[in-house]
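Contents: one structure, followed by commentary.
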Amino acid sequence: MLWSSQVAPGNENALRLRVYGDKGGLSWSQEDPNYLHFSPFGEPTRLITRGGAGSGEVAGRVTRIPPGHPEGYLEGFANIYADVAEAITAHIENRDVDPAALDYPGVSEGVRGVAFITAALASSAQGGAWVEMATTASAAAAE
């Protein structure tokens with residue numbers, strides 16, 4: 001059976017593929033793309049994760065990110081890189097940066113991230129005691 005529609009009410013996309021054969025069935029949903037359900041006859045359904053055990057050598061070759069990271073993870077970084085490239089190019093071309101491209105972390109966010117990690121390590125070394133994190137003034141001084 002094939003059911004196809006671009007106007008099905010209540011379905012944003014809902015691409016779903018199901019294949020049934022003499023050994024069992026496979027089910028995959030585009031809206032939850034990291035998982036393939038394999039239902040062999042007479043056995044419980046197995047969940048095969050993208051890049052995980054049982055996904056096979058060919059699937060592993062085309063997997064770009066480690067298991068556990070959702071699809072879109074790399075695209076998030078690509079957005080940051082594109083915005084930074086726009087800022088660099090605008091500087092080189094002596095023009096204003098596209099305001100929509102200014103949503104990327106800078107030095108102060110990096111300094112705050114390092115301060116958080118430092119405080120977490122200090123807390124762990126003290127048996128989980130509360131540790132004050134470096135103030136934002138320290139982060140601002142780094143800018």
Residue in region 105-118 that is touching a Lys or Arg at 6+ places or on another chain (Cβ under 9 Å), of a type in the set (S, T, N, Q) and surrounded by 11 or more Cβ atoms within 10 Å (Cβ to Cβ) present: no
Leading residue by the ranking (nearest to E31 (Cα to Cα)) among those in region 56-96 that are assigned to a helix (DSSP H, G or I) and polar (S, T, N, Q): N79
Residue count for region 83-106, restricted to those that are in contact with a helix residue (DSSP H, G or I) (Cβ under 8 Å, 6 or more places away or on another chain) and modelled with pLDDT under 90: 5
Tabulated pairs, region 82-95, first within 17 Å of G106 (Cα to Cα), second among the aliphatic types (A, V, I, L, M) and surrounded by 13 or more Cβ atoms within 10 Å (Cβ to Cβ), C-beta under 6 angstrom, 6+ apart or interchain: D83/A101; E86/A101; A87/V97; A90/V97
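The values are calculated or read from the model by the stated rules, or taken from the named source; none is laboratory data. Bear in mind that the values here come from a model prediction, so they are computed numbers and not experimental data. Methodologically, a virtual Cβ is constructed for each residue, glycine included, from the backbone with ideal geometry; neighbour enumeration extends over all protein chains shown.
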